[in-house]
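Contents: one structure, followed by commentary.
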Amino acid sequence: MNRGWAGPAWGEPSTASESPVPLRTTASAGDACYRADGGWSPEFVVMAASVAGVAHRLAGRGGEDAYAWAQAGPGRLAVAVADGVSTAGRGGEGADVAVRAACAYLLAGESDNGGEKECEAAVRAAGEEVARLGGLVAAELSTTLVVALLSASAGRAEVSLARVGDSSAFVLDGTQWRELFPDPDDEDFRGLPVEVLPWREGAGPGVIEVSSVAMAAGSALVLLTDGVADPLREGPATVAPALAEVLQLVPTGDLSPLDLANAADFSRRGCLDDRTIVAAWPVGGAPPGQPQ
Amino acid sequence: MATDHLGTEERYAVFPFYLCLDVSQSMAGEPIAEVNAELPQIRASVGQDPAVAEVIRFGIVTFSDVARTVLPLVDLALVEAMPKVEVEGRTSYAAAFDHLRRVIEADYYTGRSEGERWYRPAVLFVSDGRPTDPEERWLEAHRRLTDPSWRRHPNILAFGFGEAVPEILATVAENKPNRAYVAAEGAAPSAVVPELMAGLVQSIVSSSASAYTGTPQLVPPQLPNMQAIPVDELE
């Protein structure tokens, strides 16, 4: 391990990630710079990691991303990722509220619309919860949010998604990445402000984007904050294949959550933002590494 | 909607800043001495903060009768000492704007060839006087620099003191609100310049932070009526 904790170099290494991490004035498990988790069920394998970006670590701060998942009934899995807005003041708190509220909504099964509509409703519910908890200063809790609902059967899955902001979702099939929302670098989107929860004045729920995809057996749904999604898009010969290689070890049982956190903390020049990865595989009943 | 769009080109984000500094005769004495005293602070604050230096590229252009690049666009972590700027002749804004356009264009293509992804460059224009070249000449050069059809056109923040004219500085900043600042009439350069340079350092540091969190902004110094400007990415 180097002084700055960084994981493998994917592309030109960051010099900032070599700097010693100052001891934070206060810290607790809830705002740890490294958070990781995962597990197996007869229907899904899930693995998640969230690491505070180098810029936050060097400034003596924790990360402001959040993730959550919920097994929302037989064959149903809800996953969510959020990226708190650093300049808002309490963005990390807002991100945590948003992912919990979205998964709680999908867990409760309050909507019978199904699919994209159900995810859209989950994002709305998360926005309302952020606004409720923030009250008059709800903007301090500003956060992005992407929510996915997987419905699995025999190792395949139908996936519905909704989001506000620039956190994104990909399907990983072997070493091939496919983004499920429009590329933020597309000319149509360039220069537009990143939308957040709670809604900016004049924005409102109309800014929710939705998507859906049918996942083939063996493929993974991967939700990412922009701290990973941006370098993934910008590193087609480095970050994209390296992260794919790491994630391919999950279904075989050869990667731990801590390994994923270390990989998420890859060193790359100019990439210093918080990073969160949640990956979910529909499986056919056997634990990782066992024949399906 | 599903899109396949991962490209094939490795890219690294860079936020270029050009300090465009008036070194005409009126800067002689205390003002230029203050500038030279403060330039190392930019290197110390930007170049020695690894999180800032990774994103920021910084160059210095001076102008009088002619414009010169005294510090080519560079990662300040790699700079051992800042250049000393010297007082020269008159105050040709046209020379400054023409030079900036050439330099930005050349730097952009050099950066692209090295895998850099550029945020729209920022020009921090500092002058203590009015242009001495014909108005139509410097206005034409300014039009070329700010031409929206030229994709590399920079965002300009303009700062003035001494004999600088607020209306002219506003024109330099494209008459866009909150982008020009002129110190109070009669304010001593010995007080204005250090404050301004400290403000520019803070501007660069804050802008770098916005860049690596994915919502880049040109964050101006904390001066009256100045506001952050959203920054787009160049193609």
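Of all positions in segment A:234-243, none carries a residue that is more than 14 Å from every other protein chain (Cβ to nearest Cβ) and either touching a Lys or Arg at 6+ places or on another chain (Cβ under 9 Å) or assigned to a helix (DSSP H, G or I) (or both).
A single entry from A:166, A:183 fulfils the requirement of being under 24 Å from residue A:226 (Cα atoms), touching a Pro at 6+ places or on another chain (Cβ under 7 Å) and either facing another protein chain (nearest Cβ under 10 Å) or buried (at least 24 other Cβ atoms within 10 Å of the Cβ) (or both): A:166. Taking residue B:205 as meeting all but one of (1) without any contact (Cβ under 8 Å) to a residue 40 or more places away in the chain; (2) within 29 Å of residue B:32 (Cα to Cα), write down the number of the exception. It fails just one condition, (1). Among the residues of segment A:37-51, those that are surrounded by 15 or more Cβ atoms within 10 Å (Cβ to Cβ) and either closer than 27 Å to residue A:94 by Cβ or more than 16 Å from the chain's Cα centre (by Cα) (or both) comprise A:37, A:38, A:40, A:43, A:44, A:46, A:47, A:48, A:49, A:50, A:51. Taking segment B:133-235 and the helices (runs of 4 or more DSSP H) fully enclosed by it, the elements with 1 or more residues that are within 17 Å of the chain's Cα centre (by Cα) and within 14 Å of chain A (Cβ to nearest Cβ) are at B:189-212. Scanning segment A:6-36 for residues that are under 14 Å from residue A:50 (Cβ atoms) and either touching a residue at least 24 places away in the same chain (Cβ under 8 Å) or surrounded by 15 or more Cβ atoms within 10 Å (Cβ to Cβ) (or both) yields A:7, A:31, A:32, A:33, A:34, A:35, A:36. Quick check, is residue B:102 modelled with pLDDT of 95 or more and among the basic types (Lys, Arg)? The answer is yes for residue B:102. Each residue in segment A:1-32 was checked for being of a type outside the set (Gly, Ala, Ser) and within 29 Å of residue A:282 (Cα to Cα), and 2 of them qualify. Would you confirm whether any residue within segment B:118-128 is surrounded by fewer than 17 Cβ atoms within 10 Å (Cβ to Cβ) and assigned to a loop (DSSP other than H, G, I, E, B)? No, segment B:118-128 contains no residue that is surrounded by fewer than 17 Cβ atoms within 10 Å (Cβ to Cβ) and assigned to a loop (DSSP other than H, G, I, E, B).
Residue B:107 meets all of the listed conditions (1) in a strand (DSSP E or B); (2) over 13 Å from the mean Cα position of the chain (by Cα) but one, namely (1).
Quick one: is residue A:260 farther than 15 Å from residue A:51 by Cβ, out of contact with any Asp or Glu (no Cβ under 8 Å at 6 or more places or on another chain), at pLDDT 90 or above and among the hydrophobic types (A, V, I, L, M, F, W, C)? Considered against the rule, which asks whether it is farther than 15 Å from residue A:51 by Cβ, out of contact with any Asp or Glu (no Cβ under 8 Å at 6 or more places or on another chain), at pLDDT 90 or above and among the hydrophobic types (A, V, I, L, M, F, W, C), residue A:260 comes out as no. Looking only at segment A:153-175, residues that are over 21 Å from residue A:284 (Cβ atoms) and touching a residue at least 60 places away in the same chain (Cβ under 8 Å) come to 6 in all.
Only one of the numbered conditions (1) under 30 Å from residue B:165 (Cα atoms); (2) in contact with a Phe, Trp or Tyr (Cβ under 9 Å, 6 or more places away or on another chain); (3) at pLDDT 95 or above is violated by residue B:108, and that is (1).
The values are calculated or read from the model by the stated rules, or taken from the named source; none is laboratory data. This structure is a prediction, so every number in the text was calculated from the model and none was measured. Cβ: placed from backbone, ideal geometry, glycine included. Neighbour counts: every protein chain shown.
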